[in-house]
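Derivation of every value follows stated rules applied to the coordinates shown; laboratory data play no part. Since this is a predicted model, take the numbers as computed values, not measurements. Glycine also receives a Cβ, built like all others from the backbone with ideal geometry; neighbour counts cover every protein chain displayed.
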Ligand SMILES: C[S@@+](CC[C@H](N)C(=O)[O-])C[C@H]1O[C@@H](n2cnc3c(N)ncnc32)[C@H](O)[C@@H]1O
């Protein structure tokens with residue numbers, strides 16, 4: 001049987017009986033895909049791992065707590081034979097053969113009539129990798145081939161021409177805090193498909209260098225108190241390029257909806273009927289402290305964290321932040337866009353009751369090669385910022401969590 005290569009096929013198992021013998025690690029690994037395929041799963045095993053038991057408790061499979069018996073494969077379309085008892089496995093595969101039920105055997109690929117490929121999924125495509133004969137089977141090799149193909153499809157490095165309509169309109173992609181590895185898989189794929197990329201100064205700028213030459217990159221740099229591309233100009237650029245039928249990615253730092261004006265851009269596009277896909281990103285408010293060894297919550301230390309914009313001072317009439325209330329909170333305060341106003345902010349917090357010795361950390365250019373951390377307290381932070389010449393972009397963390405990590 002093994003002299004010929006296996007014939008690959010996709011089984012459509014919805015509502016069809018699949019018998020699984022054995023409730024151990026093999027079943028635990030294979031059951032989720034069978035459940036996802038909609039199979040009517042009948043498990044026979046005297047015991048099962050806690051995860052398999054949870055699937056039975058959730059009603060995803062039917063579990064008979066006993067050993068395999070002749071007749072268990074009746075009405076099955078497919079069988080997974082994976083008990084720890086070779087003799088029972090042999091009897092079960094003989095029954096499968098007699099009943100013409102395709103069966104996988106975990107203990108003896110030669111005796112199986114079907115092999116499970118290494119599988120993965122990307123954007124509506126299932127990648128299944130099989131070796132050609134049982135003797136040459138090397139699960140690590142098939143898994144590595146599968147991983148390489150899936151990864152390539154996901155991140156766009158393996159470009160498979162297809163007739164799938166490209167994501168229409170504009171994609172607002174949260175690029176994460178700056179490290180190019182911290183963009184989502186979906187964001188990376190959309191970037192690889194883009195004709196036009198309108199990028200912020202913050203976010204994974206290194207990814208722009210990887211774009212092919214035909215991709216038009218527009219710099220939407222909004223440097224504080226420096227060069228400025230008005231939001232209207234960004235909106236117009238998005239609309240204009242999308243109307244030309246191009247795939248437009250608006251690459252933003254962090255998450256598009258955390259002080260990112262993402263909704264304004266989506267609204268401007270909606271007004272002219274251009275569809276917009278929003279891809280969430282890893283916000284600097286959590287990831288930058290994390291990259292500097294600061295957890296925004298910690299058991300017994302902080303049960304909440306509050307993310308605040310510090311772009312206007314507490315006494316500025318445009319401020320929407322209730323600083324006196326924030327001063328009373330016992331958890332962590334995370335301030336974005338607050339470097340310039342941190343002196344006033346610290347003063348206000350102390351004036352409303354926050355202890356002056358509350359620890360503060362400023363993390364500049366987090367997750368990039370230039371990352372640095374400056375520690376202070378509410379009493380000293382204004383002076384430390386001046387002395388250390390801390391510059392935006394920086395995330396400011398205020399609270400006892402600053403001191404819990406080993407790097408503090
Ligand atoms: C306009 S807000 C955008 C926030 C972004 N949407 C997010 O979710 O991270 C810009 C502020 O985010 C913070 N920030 C973003 N990336 C950063 C980084 N890599 N390191 C430190 N702070 C960063 C800084 O406080 C900066 O002034």
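Below is a table of values for the structure above.
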read-out	value
Nearest-ten-degree value, helix 139-155 long axis tilted from longest Cα axis of the chain	40
Added length on full extension, which subtracts the Cα-Cα distance from 0.36 nm per residue, residue 240 to residue 51	62.9 nm
The chain - percent relative contact order, Cα under 8 Å, separation 6 or more	10
Cα-Cα P(r), segment 170-282, percent of pairs per 5 Å interval	2, 13, 26, 27, 21, 9, 2
For 368, 157, order by how many other beta-carbon atoms lie within 10 Å, fewest first	157, 368
√(5λ) per eigenvalue of the Cα gyration tensor, segment 217-336, largest first, Å	33, 18, 13
Rounded to 10°, Cα long-axis angle of helix 86-99 versus longest principal axis of the chain	70
Isotropically averaged projected area of the chain, using the convex hull of Cα atoms (one quarter of hull area), nm²	26.3
Burial ordering of 7, 68, fewest other beta-carbon atoms within 10 Å first	7, 68
Relative contact order, percent, segment 4-116 [alpha-carbon distance under 8 Å, six or more residues apart]	25
Mean residue ellipticity (222 nm) of the chain, computed from DSSP H runs ≥ 4 via -39,500 (n - 2.57), nearest 500	-8500 deg cm²/dmol
Dimensionless Rg ratio for segment 286-403, taking C-alpha atoms and the 2.2 N^0.38 Å reference	0.96
Taking 257, 78 and counting other C-beta atoms within 10 Å, the order from fewest to most	257, 78
For segment 52-99, radius of gyration divided by Kirkwood radius, i.e. Rg to Rh on alpha-carbons	0.99
Mean projected area (nm²) of the alpha-carbon convex hull when segment 1-137 is viewed from all directions	8.3
Between helix 262-271 and the chain: long-axis angle, C-alpha atoms, 0 to 90°, nearest 10	80
Length-normalised contact order of segment 286-403 in % [C-alpha pairs under 8 Å, at least 6 apart]	31
